Structures are given as structure tokens and as C-alpha cells.
Amino acid sequence: MEDTDVVVIGAGQAGLSSAYFLRRFGFEPVVLDAYDGPGGAWRHRSPSLTMEKVHGIFDLPGARRDPAADGRRPAAEVVPVYYAAYEREVGLDVLRPVLVRAVRPGPGERLAVESDAGGWAARAVVNATGTWTRPYWPYYPGRDVFAGRQLHYAAYRGPEEFAGRRVVVVGGGASAMHVLSEIADAAAATTWVTRRPPVLEEEFFDEEARRAAVAKVEERVRAGLPPQSVVSVTGLRYSVALREALAKGALHRLPMFDRLVPDGVSWASGEHVPADTVVWATGFRSALDHLAPLRLREPQGGIRVDGTQVIREPRLQLAGYGPAASTIGANRAGREAARNVRAYLAAQPSRPAA
């Protein structure tokens, strides 16, 4: 294994932000990314998701962009170009594609980072792997007998394939708004279902509101509970996608169905909606399987962190977890992770791995 001070896993916004601040503090982090090009998960978003529909893209530290210039362009094009330019301008040599298989206690009080491209013995690790590779599929009875098509929002690529279909969209967040806003006038019928009545927020989502949303998610991760998404605590804002869905009459919400049946979905009351497609816009979970050897989970199911610092493992920062899994909190998390790494390493003797 190659000795190094810091490894950053992931080159999305949280990872790039972490690497930027680490370099400002005098470190040369090894940055690993599983994708074969810049852009993180944005590379795999639907081509119909334009920048004006995105639930907030924040500038990377030290490099502003003009959001007005890209409103109608696909985010899957704009963000990778922006990230690639950022890597060049900042001078980050990201190693990709590198799939990290495990992080475990290593030699000389280091963490061993094992990947398909070799290994590193790191004095500290910043994990910024986000959530995109862990789409969440909730279980409901009848899922295996439904005769139609089921897909997660991660596989959604635009309204064309839903023409003439009867579609049920599950979920109460920005992803569901994106789907409903586009398929409502293409599908033969759309049905929107959520577990809880949606909360529509009319006020502008300003900096104070962003900080309040991040704080609510941080309360959970500090207690060791599984994190909620930032969007789940902000309510639905009157975004471009929401307004389009509203104008198309697609926001007549029904409570969550009780089961899927071969030709649609049904409720215990006896109500039935015929459908041949179900879109699960049900969010994502943190992609942390490679950290399992460190045994970080609390009895409540989450990983207890203070900011980005993992309580059980002082050598590890989680910069893409909880509030930092959203672009709202990613830059702040990157700065905090870098500061924590600097403080930790300053207090430790620098010894080569045994």
C-alpha cells in the first residue's frame, strides 16, 4: 500500500470541496472517483432535467459560474463540464475510474483504503460517496406480482417512453415533481401517491431557510439516526417543475396504496387504480457499504457524526452524508472535513505505515 496523509473518496461536490480546502491547508490529497469522468452523479441524471428545474446547484469553492447562462440546458451536460473545468483550474488530479471496495483499520494507526486500482494507507480519510448509487425501493405487498414495469427515478430518462401509459408516481419530493411535470401530458393517465400529505412552501428558499434545513438533518445524524434528505425537511417549493405539474393538473395526491396487484395498485378501502407503470421517486440512501469493516453503525441504524466527524473513528470524515448529501450543505461540509483533518493530523505523530 502507498502511504499518504489523506484520501478523499468521491469527486462530486462534497469531495471536490473537501479536496480544495485540504490543498489550501497544505495537503495533497489522493482523490478517488468511481466514475470515468468528472461530474459525479450528475453525469447520470435524465437528459430532460434542465438546470432551471434542478433543486439548487451551488458554486464550488473558489469558482463561480453564471447560473442564468444554462437554464434550459441539461444538468447532465452542464455540471460535468463545470466540474471538469474546476478540476483543471484548481489542479486536482482525480484518479478515475477507481472503485473503493473497503476501508478498514490498517497498519501504523492508518486506515487501509482498498480499491480495484490498488491500495493506500492513509492517516485520514474523507468519504464523499453521496447517495446516487443506492436508490431506495420501499417494499409493498404485491411488488412481485405487478405485471407492468417498475423503475426507480434513478433510471428515469424523460417522458417519451411513457406515452400512452397509465403511470403511478410514488414520492413527495423534487424527483416526483420532475417526473409528474413531464409525463402528465404524455401518459394516458397519471396518479400521484405519497405516504404523507405534501407541504407546499411558498416563501423563497433563502440562506436562512437553507441553514435551518441543514440543522434539522444534522440533529438526526448527531444522534446516530439514519439521515433524512435535506429536501424532506424543506417541504415542496414552488419550483419550475412543481409549477409545470400544477398547470398540467398532475398534483391531485392520493394516500399511499396498500398493495400492488397485477393490473395496478389497490387500497384496503377497496379502491383500485389501473396502471401499467410505477415510478418509484422514493429517494436514495447513503452509499457506505465500503465502510462496513469499520463497524460504525449505531443501534439506531445510522452513523453518529458531529458535523462531518465520525464519533467512533477519529480518522474518518463523512462529507457526503446527511446534510452534506445535498448541494445545500456540501461546500460547508468540505471545509469542515478539511479543518477536522488538519486538526487531527496536527495532533498525531507522522509515522510511516509498518
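The values are calculated or read from the model by the stated rules, or taken from the named source; none is laboratory data. As the structure is a prediction and not an experimental result, all values here were calculated from the model. All Cβ positions, glycine included, derive from the backbone under ideal geometry; neighbour counts span all protein chains shown.
With Ala155, Ala84, Ala102, Ala117 as the choices, which residue is assigned by TED's automatic domain parsing to the domain that holds Ala241, surrounded by fewer than 17 Cβ atoms within 10 Å (Cβ to Cβ) and of a type in the set (Gly, Ala, Ser)? Give the derivation first.
On the way: Ala84 fails: assigned by TED's automatic domain parsing to the domain that holds Ala241; Ala102 fails: assigned by TED's automatic domain parsing to the domain that holds Ala241; Ala117 fails: assigned by TED's automatic domain parsing to the domain that holds Ala241.
One residue alone meets the criteria, Ala155.
Need the failing condition index for Gly329 against (1) within 27 Å of Leu200 (Cβ to Cβ); (2) at pLDDT 95 or above; (3) assigned by TED's automatic domain parsing to the domain that holds Trp120, just the number.
(2)
If Asp33 meets every condition in (1) modelled with pLDDT under 90; (2) within 16 Å of the chain's Cα centre (by Cα); (3) among the charged types (D, E, K, R) apart from one, which number is that one?
Condition (1) is where Asp33 drops out.
Could you please find all residues in region 129-163 being over 18 Å from Ala188 (Cα atoms) and among the aromatic types (Phe, Trp, Tyr)?
Within region 129-163, Trp132, Tyr136, Trp137, Tyr139, Tyr140, Phe146, Tyr153 qualify.
So which of Gly62, Gly71, Gly10 ends up being of a type in the set (Gly, Ala, Ser) and within 18 Å of Gly119 (Cα to Cα)?
Working: Gly62 fails: within 18 Å of Gly119 (Cα to Cα); Gly71 fails: within 18 Å of Gly119 (Cα to Cα).
After ruling out the rest, the residue left standing is Gly10.
Which residue is surrounded by the fewest Cβ atoms within 10 Å (Cβ to Cβ), if the candidates are limited to region 1-14 and must be of a type outside the set (Asp, Glu) and at pLDDT 95 or above? It would help to see each step written out before you state the result.
Of all residues in region 1-14, those of a type outside the set (Asp, Glu) come to 1, 4, 6-14.
Restricting the remaining residues to those that are at pLDDT 95 or above gives 4, 6-11.
On the way: Thr4: 19, Val6: 26, Val7: 26, Val8: 32, Ile9: 27, Gly10: 27, Ala11: 29.
Looking at residues that are of a type outside the set (Asp, Glu) and at pLDDT 95 or above, I get Thr4.
What do you reckon, is Ser17 in a loop (DSSP other than H, G, I, E, B), of a type outside the set (A, V, I, L, M, F, W, C), under 22 Å from Glu77 (Cβ atoms) and touching a strand residue (DSSP E or B) at 6+ places or on another chain (Cβ under 8 Å)? It would help to see each step written out before you state the result.
Numbers: in a loop (DSSP other than H, G, I, E, B): no; of a type outside the set (A, V, I, L, M, F, W, C): yes; under 22 Å from Glu77 (Cβ atoms): yes; touching a strand residue (DSSP E or B) at 6+ places or on another chain (Cβ under 8 Å): yes.
Here the answer is no, as Ser17 does not meet what is asked.
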